[in-house]
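The values are calculated or read from the model by the stated rules, or taken from the named source; none is laboratory data. Computed from a predicted structure; not experimentally measured. Glycine gets a Cβ as well: all are built from the backbone with ideal geometry, and neighbour counts include every protein chain shown. SASA here: full protein model, heavy atoms, side chains in, ligands and nucleic acids out. Shrake-Rupley method; radii C 1.70, N 1.55, O 1.52, S 1.80 Å.
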Amino acid sequence: MLSAPFIQTSPDFGWLDDFSIGSLFRRGSTGIACAVDSGGDSSDQPFYHESILLDEVVEFLQPEAGKLLADGTLGGGGHTEALLKAGASVKGIDRDADARAYANQRLARFGDRFEAVEGCFGEMAALAQAGGWEGLDGILLDLGVSSHQLDCGERGFSFRFDGPLDMRMGGDGPTAADLVNDWSEEDLRQIFWDLGEEKSARRIAAWIVLQREKLKFETTGQLAGGIEKLLGRRGRTHPATKVFQALRMEVNDELGELRRFLKVAPDLLKPGGRLAIITFHSLEDRIVKQTFRDSSKVEIDRPEWPAPRPNPDCFYRLLTRKGVAPGTREVARNPRSRSSRLRVVERI
Ligand SMILES: C[S@@+](CC[C@H](N)C(=O)[O-])C[C@H]1O[C@@H](n2cnc3c(N)ncnc32)[C@H](O)[C@@H]1O
């Protein structure tokens, strides 16, 4: 039996704080539970899940029988399920064991058309080579954090629940507590500024360094509560939101993963194969937008050249010039989709 609904939430909580997200998406939930058992059938479980821009993803990826697609962020398997329903085969990658276990149960009915693959999408080339599934018809990345991860206090992603300050999507590498307790004030300040776009980065980093001399940071509550005391609370957004986002992005090397993936993506796709990426905040969207734009320029030019030259790194045809935003209906139904953007290219 699956004990927790696997709900996807936006990693960028600028528009809503963590508390509001919890109450919005707890519908049908069995509460905060982390275990994902290996047996049973998901169909009779209380389950609330709404994958973002689902129809648009299906429309762009054109799944059908005989096509092989990779979902690099399997999560609760919502997008993958839609691709499978349309007849395609899907390799669903996730670094999180809970996600793979959940999706394996949910998607068991599709038999060998679906496989949950352990790993990171940044190493998709190696995974594809090892699995013998190179030459893909389509790839999807849906760059959020799942609410299973967020709602599970033990995983330490959220300041809504007191739990160990962990934040690892997979089980390896340094935790958020390691960063907070061991990194220099300057390094902490930098990630709060760069990854959290936190205006009080200096103040928070200085406070952390002072506090940890007395007592090491071990829990989400310690950090979130301390930041709230330090900055005070204004408006609906919890003052620790951006620091938590920055720590999560650093712990999981989220931008590094995206950059590594984008480098190898052209080699993974067949000509005509499509790559769809859903982003949630400006940092990751900028990387995707720029890469897609640069790799779809047929020619490049420099003022000192006598004429434009063919671009040796032109791999794609741009299918979404501006990025697709969710419609007003989707946003009304599912406010977490508000900051999402879908960008799609086709391998030439
Ligand atoms: C927003 S959820 C995906 C939800 C999914 N599209 C759905 O419809 O259910 C993101 C998932 O991607 C996984 N993830 C994030 N970064 C990853 C990475 N670099 N490699 C593999 N999985 C990753 C997370 O563990 C999480 O389960």
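Okay, here's what the table says:
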| quantity | calculated |
| --- | --- |
| Checking ILE32 against (1) at pLDDT 95 or above; (2) open to solvent by 30 Å² or more (accessible area, probe 1.4 Å); (3) of a type in the set (A, V, I, L, M); (4) away from the ligand (no atom under 12 Å from the Cβ), the condition it does not meet | (1) |
| Which numbered condition SER158 misses (of (1) open to solvent by 10 Å² or more (accessible area, probe 1.4 Å); (2) in contact (Cβ under 8 Å) with a residue 24 or more places away in the chain; (3) more than 10 Å from the ligand (Cβ to nearest atom)) | (1) |
| Qualifying residues in region 99-141 (those that are under 12 Å from SER89 (Cα atoms) and outside any strand (DSSP E or B)) - the one nearest to the ligand (Cβ to nearest atom) | LEU107 |
| Qualifying residue in region 291-311 (condition: open to solvent by less than 20 Å² (accessible area, probe 1.4 Å), within 16 Å of the ligand (Cβ to nearest atom) and either out of contact with any Leu (no Cβ under 8 Å at 6 or more places or on another chain) or in contact (Cβ under 8 Å) with a residue 12 or more places away in the chain (or both)) | no |
| GLU257 being among the acidic types (Asp, Glu), within 13 Å of the ligand (Cβ to nearest atom) and within 24 Å of VAL58 (Cβ to Cβ) | no |
| Answer residue from region 317-336, given it is in a helix (DSSP H, G or I) and in contact (Cβ under 8 Å) with a residue 12 or more places away in the chain and is least open to solvent (accessible area, probe 1.4 Å) among those | ARG336 |
| Cross-chain or 6+ apart pairs with Cβ under 6 Å, region 92-105 first and of a type in the set (Gly, Ala, Ser), then near the ligand (Cβ under 9 Å from one of its atoms) and part of a loop (DSSP other than H, G, I, E, B) | GLY92/LEU74; ALA99/LEU74; ALA99/GLY75; ALA103/LEU74; ALA103/GLY77 |
| Those helices (runs of 4 or more DSSP H) lying entirely in region 166-257 with at least 3 residues under 16 Å from HIS281 (Cβ atoms) and of a type outside the set (Ser, Thr, Tyr) | 185-194, 241-251 |
| Subset of region 142-155 [crowded, with 24+ Cβ neighbours inside 10 Å and either aromatic (Phe, Trp, Tyr) or more than 12 Å from the ligand (Cβ to nearest atom) (or both)] | ASP151 |
| Failed criterion for ARG248 (all others in (1) closer than 17 Å to ASP187 by Cα; (2) more than 16 Å from the chain's Cα centre (by Cα); (3) basic (Lys, Arg) hold) | (2) |
| Residue list for region 54-113, restricted to those being small (Gly, Ala, Ser) and within 16 Å of LEU143 (Cα to Cα) | ALA70, GLY72, GLY75, GLY76, GLY77, GLY78, GLY92, ALA99 |
| Close pairs (9 angstrom Cβ cut-off, 6 or more residues apart or separate chains): at positive phi in region 188-209, at pLDDT 95 or above and open to solvent by 80 Å² or more (accessible area, probe 1.4 Å) anywhere | GLU197/LYS242 |
| Filtered residues of region 61-77 (kept if open to solvent by less than 20 Å² (accessible area, probe 1.4 Å), of a type outside the set (Gly, Ala, Ser) and either more than 9 Å from the ligand (Cβ to nearest atom) or at pLDDT below 95 (or both)) | LEU61, PRO63, LEU69 |
| Check on GLY135, at positive phi, open to solvent by less than 40 Å² (accessible area, probe 1.4 Å) and of a type in the set (Gly, Ala, Ser) | yes |
| Subset of region 258-283 (residues that are crowded, with 24+ Cβ neighbours inside 10 Å and either without any contact (Cβ under 8 Å) to a residue 24 or more places away in the chain or in a helix (DSSP H, G or I) (or both)) | ALA265 |
| Qualifying position, being surrounded by fewer than 21 Cβ atoms within 10 Å (Cβ to Cβ) and touching a strand residue (DSSP E or B) at 6+ places or on another chain (Cβ under 7 Å), among ARG168, ARG113 | ARG113 |
| Members of region 78-98 found to be within 9 Å of the ligand (Cβ to nearest atom) and under 17 Å from ASP55 (Cβ atoms), listed by number | GLY78, HIS79, THR80, GLU81, ALA82 |
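So that you can scan it fast, the table gives a plain yes or no per residue for (1) outside the structural domain of GLU284 (by TED's automatic domain parsing); (2) within 26 Å of PHE121 (Cα to Cα); (3) surrounded by 16 or more Cβ atoms within 10 Å (Cβ to Cβ):
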| site | (1), (2), (3) |
| --- | --- |
| TRP183 | yes, no, yes |
| GLU186 | yes, no, no |
| ARG189 | yes, no, yes |
| LEU195 | yes, yes, yes |
| PHE217 | yes, no, yes |
| GLN222 | yes, no, yes |
| GLU228 | yes, no, no |
